[in-house]
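Step one of this worksheet: look at the structure below.
The values are calculated or read from the model by the stated rules, or taken from the named source; none is laboratory data. Keep in mind that what you see is a predicted model, and the values were worked out from it rather than measured. Every residue, glycine as well, gets a Cβ built from its backbone with ideal geometry; the counts of neighbours run over all protein chains shown. Surface accessibility is based on the protein's heavy atoms, side chains included, excluding ligands, DNA and RNA. Shrake-Rupley method; radii C 1.70, N 1.55, O 1.52, S 1.80 Å.
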Amino acid sequence: MRKPFLFVVFVFFIGFFGIAKNSFAQCDEFKKWIPEWKEQKYSSANTAQYADYLNDEEKQFYYFLNLMRLNPPLFAETFLDKCTDWNSTNSLGYVVMFGKDTKTLASELKRLRPLPVISPMREECILAACYNKEEKCENFQVSGTSSSMYYENTGMRLLMSILKSQSNSQAKQILLSNKTDYFGISILPTLKKGETSARLTKFDKKVLEIKENQSGDEIIEDYTENVNESNETLGIKPYQKEFQEVVPEWKNAKYTIAYTAQSTDYLTENEKLVYYYLNLARLNPPLFAETFLVKYKKWNSYENLSLSDYYTGSLYKTMKNMKPVGVLSPQKDLFESARCHAISSGKKGYVGHTRLPNSGCKSKFAGECCSYGQFDALEIVMQLLVDSGVPSLGHRKICLSGSYKTLGVSVQPHKTYRFNSVLDFGR
């Protein structure tokens, strides 16, 4: 009787272990098996969540890449030691890694220090897709590309395929560098059945190339035209139309007063929208916070919008308890002050408020905010309001202060950050 009993127990144990192992291999449930990934700090990995120009596999690539950058040793333990079903045979009969590859990469990642997350850059991704389709890519000015081609059909497989390559691989260096803050990714089906073409593209210079003989106004005009064309091609709606569909209360006629710059002929359409969004924030702070920090986040690809984050959480709390303040109206001398500083800063790659020597710029403002890296009006306003990394929250305080009545706005090309915006406030 003893032997059959032991045999049954043994079979049961093997069966149970097999089931457990099979369940454990489901990487879609990796947080269930490794609860540490549920910690709030890892929510910042989802930088591509609202990037509507990316497909699901491309978004997945950024997500898992950022998990790897935030905690390389835990990533290795999770996806190289425990959850490995991403490495199953694809439709062409290939696996990404064999035993030796896995051990080598695991050892490498376990020695790697945490890195900041990477956000998708819209132009880079559109260009990567353009090159991936082998089309003429004339929509954006570029200067030199570093491009690598792969045949993988999921974001995770593509990531692992790059990571297992030699340390001198250009694509791998891009992913593991603490200096990388953007790159382009494209994962598309090919004409051949079952094959997928993936391309990772990084430009030697920022996508926007500032030519010596081209004025800032021409650069902005060309860039705006190209963005509008690609938005139309991709079917992407402008923020100002889409957010009102999400929160219809903004369609109320009382908010039309936010368009204080609508008839101002010296401003670009994008600069006019800076007034619009900033005035919405001042007209109804609680609704603005609920809209752009909770319900409509598509604008975001760089901020941690978790309400547990100090900067986002404090902005939400401040605006939810804030009374309306008056709208800001355009004032030409403030615009000229902002424009001069934005142009001179952009040409030199300067960051700061002090007027540069020999620039001819004069300080004609009671308060000033400078934004770097953003072009779209909503993204500029949100960057200043969240004020991430600025302990004093100086930009936020200026933007929401009722003591300011007038404003000058200028958005110009920037040698280092692609764009810089200067907002000069008057009383």
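Summary of computed values
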read-out	value
Subset tally (residues that are under 20 Å from the mean Cα position of the chain (by Cα) and either among the aromatic types (Phe, Trp, Tyr) or open to solvent by less than 10 Å² (accessible area, probe 1.4 Å) (or both)) for the range 262-299	8
Test: residue in the range 360-370 that is surrounded by fewer than 17 Cβ atoms within 10 Å (Cβ to Cβ) and under 21 Å from the mean Cα position of the chain (by Cα)	no
CYS130 vs. criteria part of a helix (DSSP H, G or I), touching a strand residue (DSSP E or B) at 6+ places or on another chain (Cβ under 9 Å) and open to solvent by 10 Å² or more (accessible area, probe 1.4 Å)	yes
Odd one out for SER345 among (1) out of contact with any Asp or Glu (no Cβ under 9 Å at 6 or more places or on another chain); (2) surrounded by 15 or more Cβ atoms within 10 Å (Cβ to Cβ); (3) polar (S, T, N, Q); (4) closer than 28 Å to LYS41 by Cβ	(4)
The range 134-165: number of residues that are at pLDDT 70 or above and more than 30 Å from LEU112 (Cα to Cα)	0
Complete set of residues in the range 315-334 that are among the basic types (Lys, Arg) and assigned to a helix (DSSP H, G or I)	LYS317, LYS320, LYS332
Selected residue (only one of GLY408, GLY373, GLY394 is over 29 Å from GLU225 (Cα atoms) and open to solvent by less than 30 Å² (accessible area, probe 1.4 Å))	GLY394
The range 251-261, subset assigned to a loop (DSSP other than H, G, I, E, B) and of a type in the set (Ser, Thr, Tyr), residue surrounded by the fewest Cβ atoms within 10 Å (Cβ to Cβ)	TYR259
Of residues in the range 171-223 being assigned to a loop (DSSP other than H, G, I, E, B), charged (D, E, K, R) and modelled with pLDDT of 70 or more, the one most open to solvent (accessible area, probe 1.4 Å)	LYS179
Some residue of the range 300-322 being modelled with pLDDT of 90 or more, open to solvent by less than 50 Å² (accessible area, probe 1.4 Å) and within 28 Å of ASP265 (Cβ to Cβ)	no
Residues of the range 224-250 classified as modelled with pLDDT of 95 or more and surrounded by fewer than 11 Cβ atoms within 10 Å (Cβ to Cβ), total	1
Matching residues in the range 58-86 - criterion: being more than 24 Å from PHE183 (Cβ to Cβ) and either in contact (Cβ under 8 Å) with a residue 60 or more places away in the chain or among the acidic types (Asp, Glu) (or both)	GLU77, ASP81, ASP85
Helices (runs of 4 or more DSSP H) (entirely within the range 9-116) containing at least 3 residues that are modelled with pLDDT of 75 or more, of a type in the set (A, V, I, L, M) and closer than 26 Å to LEU188 by Cα	56-70
